[in-house]
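The values are calculated or read from the model by the stated rules, or taken from the named source; none is laboratory data. Values in this document were obtained by computation on a predicted structure and should not be read as measured data. Every residue, glycine as well, gets a Cβ built from its backbone with ideal geometry; the counts of neighbours run over all protein chains shown. To get the accessible areas, we keep the full protein, side chains included, count just its heavy atoms, and leave off ligands, DNA and RNA. Shrake-Rupley method; radii C 1.70, N 1.55, O 1.52, S 1.80 Å.
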Amino acid sequence: AFFADHRTMRPLVDGVISTEEDIEPTIAHGRLDDQSGYVLEVPKEVVTRMGGMSKLVERGHNRFGIYCVPCHDGTGSGNGLVRQHANASGATAFVPPTFHQDRIRHMPDGQIFATISNGKNNMPPYAMQIPVNDRWAIVSYVRALQIAQPKPETMP
């Protein structure tokens, strides 16, 4: 009853941008400024504000364990519980990919970031659950997993 329109909170002013939202397209979307493609590597600004690459990868390891392990397992091979349940039920179309295949190894970092943000195929979008810096951190950790397992794996 406090406001004439009976709302308890006032609507946001048109054009307002959250202080937590990046408006730089290379950071916010993983796209080049002219939208012609994806950025090739994690933006240096993100690395700097996260305290350096080692802290970024460490944060990525933590976030990967929360959001990615159920499907992609701890090594990024795609053998998580989701794959196990999909195989057991005969729903093999729902198996997640391995990060160690050439197709994903050669993706620009921005494309992996966009996949985390927007989802792809059976993977849901995580932009609402995972903040921008954490999505870039996950990308850096995926790259670390790929370096740790240099031989591309074939899918069983």
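Compute the relative contact order of region 22-98 as a whole-number percentage, counting only Cα pairs closer than 8 Å that sit 6 or more residues apart in sequence. Provide the component values of the computation, followed by the final result.
Working: 64 pairs, mean separation 11.5, N = 77.
Taking the mean separation of contacting Cα pairs over the length of region 22-98, I get 15 percent.
Can you work out ³J(HN,Hα) from phi for every residue in region 123-133, in order, using Karplus 6.51 cos²θ - 1.76 cosθ + 1.60 and θ = phi - 60°, giving whole Hz and x for Gly and Pro?
7, x, x, 10, 4, 6, 8, 10, x, 3, 4
So what is the relative contact order of region 28-156, in percent, for Cα pairs below 8 Å that sit 6 or more residues apart? Write down the numbers at each step before the final one.
Numbers: 164 pairs, mean separation 42.9, N = 129.
In percent, rounded to a whole number, it is 33.
Could you work out what % of the accessible surface of the chain is carbon and sulfur, using a 1.4 angstrom probe and leaving DNA, RNA and ligands out of the count?
The computed percentage sits at 59.
If I take R0 = 41 Å and measure r between the Cβ atoms of residue 85 and residue 53 in this structure, what FRET efficiency does the formula 1/(1 + (r/R0)^6) give, to the nearest 0.05? Mind dumping the intermediate values first?
Details: r = 35 Å, r/R0 = 0.85.
Taking R0 as 41 Å, the efficiency between residue 85 and residue 53 is 0.70.
Taking amide hydrogens as modeled 1.01 Å from N in the peptide plane, which residues meet the under 5 Å criterion relative to residue 38, leaving out close sequence neighbours?
Answer set, sorted by chain and number: 32.
Residues with beta-carbon under 14 Å from that of residue 57, excluding residue 57: net charge, scoring Lys, Arg +1 and Asp, Glu -1? Display every interim value, and only then the final one.
Numbers: positive: 55, 59, 63, 135, 143; negative: 41, 58, 109, 134.
Spelling it out: positives minus negatives among the neighbours equals +1.
Taking the Cα-to-Cβ direction at residue 147 and at residue 9 and moving 7 Å from each Cα, how far apart do the two end points lie in nm?
Each label point is offset 7 Å from its Cα along the Cβ direction, giving 4.1 nm.
Any chance you could run the full-extension gain for residue 61 through residue 24? It's 0.36 nm times the residue separation minus the Cα-Cα distance, nm to one decimal. Intermediate results must be reported in sequence, preceding the final value.
Details: separation 37, 0.36 × 37 = 13.32 nm, distance 2.48 nm.
Full-extension gain reported as 10.8 nm.
Can you give the accessible area per residue of the chain, in Å², using a 1.4 Å probe? Show your work: numbers first, answer last.
On the way: 9790 Å² over 156 residues.
Accessible surface, normalised per residue, equals 63 Å².
Only helical DSSP H runs with n ≥ 4 go in: add -39500 (n - 2.57) per run for the chain, normalise by residue count and round the 222 nm mean residue ellipticity to 500 deg cm²/dmol.
Values: 8 runs with 69 residues, N = 156.
Rounded to the nearest 500, it is -12500 deg cm²/dmol.
Go through (1) 22, 20, 18; (2) 30, 18, 15; (3) 32, 21, 14 and flag the label whose value is the computed semi-axes √(5λ) of the Cα gyration tensor in Å for this structure.
(3)
Charges at C-beta only: +1 for Lys and Arg, -1 for Asp and Glu. How large is the resulting dipole of the chain about its Cα centre, in Debye rounded to 20? Each step should come with its number before you reach the end.
Values: 15 positive and 16 negative charges, 97 e Å.
Its charge dipole is roughly 460 debye.
For residue 41, tell me the accessible area in Å² from a 1.4 Å probe, rounded to the nearest 10.
Residue 41 exposes around 100 Å² with every protein chain in place.
Give a residue-ordered list of calculated ³J(HN,Hα) values for region 83-92 (Karplus: 6.51 cos²θ - 1.76 cosθ + 1.60, θ = phi - 60°; whole Hz; x for Gly, Pro).
Values, residue by residue: 5, 4, 5, 5, 5, 5, 9, x, 8, 5 Hz.
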